[in-house]
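The values are calculated or read from the model by the stated rules, or taken from the named source; none is laboratory data. Every value quoted in this text rests on a predicted model; they were computed, and no experiment measured them. Quick reminder, even Gly has a Cβ in these numbers, built from the backbone with ideal geometry, and neighbours come from all protein chains shown.
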């Protein structure tokens, strides 16, 4: 269906995904409302980090986020260790054969959120609780707590709380019975351009550099494991970090603040509904073992923008179900395959039997071959698309 009026899009959410979508779509000839049911101030003390691939960083640059070393710390190598806590040499290392191109970039989530928040000045932000959402064939109507109502051609929902308002759609989901703990480690100055991941019996431990003197640590551990006791006891944690990283870092300290996240797999079976789209973690929440979660979302945003540009040029209504289904077809299958691949990696490295351990060593040998490594790096950078 074609339309001549300026189209109105409501984006529901307070987080990174909602802000990034709003900024990306604001360059199109549409009216954007960013609706935040809850206003969460950016927490200045949070130490959560994100891994942003080189291709994903280019998507952020498209929406005006500048590539700065003070914001995005470059990763030149990724080393994998599969032989326990005393291992000093990796089983395999990923490095880009095009040395001018970084493998990844590590950024503090709060700093990136502040950068995105600066770019919301030309976007209308509505802070109000949504009571209900009503539909007809042509528009979605949002009814707010203060009795006000607004109509939109399309609603894009980005948070789990939005599901109750729009749908009871089924999803693939399971509990990992694991918790990801994250904190910062301080050390003496070093080049610090290599990320490292140890596959330990209690779960994968990642060292993600954010500066020459600080590294983010993410340890995804089995619930009620011995590792949890180490993490939550400051002195034990510091001793453990010094022991396991002694070949790479001269550790001087660690933040006392530890943040934790319960780990689950969730994949929404339908992302397109009449005049509504779901995007972000509510559509694909995966294990952090490969640092790919928000990269999937950024790739979806980029595809959405290109799709909408084309349809707007042709005069189409962006809330048309045919357009939304086209976006779903473009993203859903490849995202599901990608998410299941990450889940398979997590299962392969959680298993500690001698037979599986030997199989992993053989796979490391295969990965080390240049053609195979190049393909894996390309998939990690750009995702899967077919």
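Matching residues to (1) over 29 Å from residue 324 (Cβ atoms); (2) under 28 Å from the mean Cα position of the chain (by Cα); (3) outside the structural domain of residue 317 (by TED's automatic domain parsing):
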{"site": "62", "(1), (2), (3)": "no, yes, yes"}
{"site": "69", "(1), (2), (3)": "yes, yes, yes"}
{"site": "92", "(1), (2), (3)": "yes, yes, yes"}
{"site": "126", "(1), (2), (3)": "no, yes, no"}
{"site": "156", "(1), (2), (3)": "no, yes, no"}
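Of all residues in region 152-160, none are in contact (Cβ under 8 Å) with a residue 12 or more places away in the chain, surrounded by fewer than 19 Cβ atoms within 10 Å (Cβ to Cβ) and out of contact with any helix residue (DSSP H, G or I) (no Cβ under 6 Å at 6 or more places or on another chain). Among the residues making up region 29-47, those that are touching a helix residue (DSSP H, G or I) at 6+ places or on another chain (Cβ under 8 Å) and modelled with pLDDT of 95 or more are 30, 32, 34.
From the list 367, 356, pick out the single residue that is on the phi < 0 side of the Ramachandran plot, under 26 Å from the mean Cα position of the chain (by Cα) and either surrounded by 14 or more Cβ atoms within 10 Å (Cβ to Cβ) or without any contact (Cβ under 8 Å) to a residue 12 or more places away in the chain (or both). Matching residue, one of 367, 356: 367. Just so you know, in region 294-318 the residues that are touching a residue at least 40 places away in the same chain (Cβ under 8 Å) and closer than 30 Å to residue 77 by Cβ include one that is farthest from the chain's Cα centre (by Cα), and it is 302. Filtered by the rule that a residue be surrounded by 13 or more Cβ atoms within 10 Å (Cβ to Cβ) and either farther than 17 Å from residue 9 by Cα or touching a helix residue (DSSP H, G or I) at 6+ places or on another chain (Cβ under 8 Å) (or both), region 116-137 gives 116, 117, 119, 120, 123, 130, 131, 133.
Among strands (runs of 3 or more DSSP E) entirely within region 240-345, having at least 2 residues that are in contact with a strand residue (DSSP E or B) (Cβ under 9 Å, 6 or more places away or on another chain) and surrounded by fewer than 21 Cβ atoms within 10 Å (Cβ to Cβ) singles out 251-254, 259-268.
Put simply, of 198, 144 the only residue that is modelled with pLDDT of 90 or more and within 25 Å of residue 265 (Cβ to Cβ) is 198.
So that you can scan it fast, the table gives a plain yes or no per residue for (1) at pLDDT 90 or above; (2) under 30 Å from residue 143 (Cβ atoms); (3) in a helix (DSSP H, G or I):
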residue	(1), (2), (3)
58	yes, no, yes
64	yes, no, no
67	yes, no, no
78	yes, no, no
87	no, no, no
113	yes, yes, yes
117	yes, yes, yes
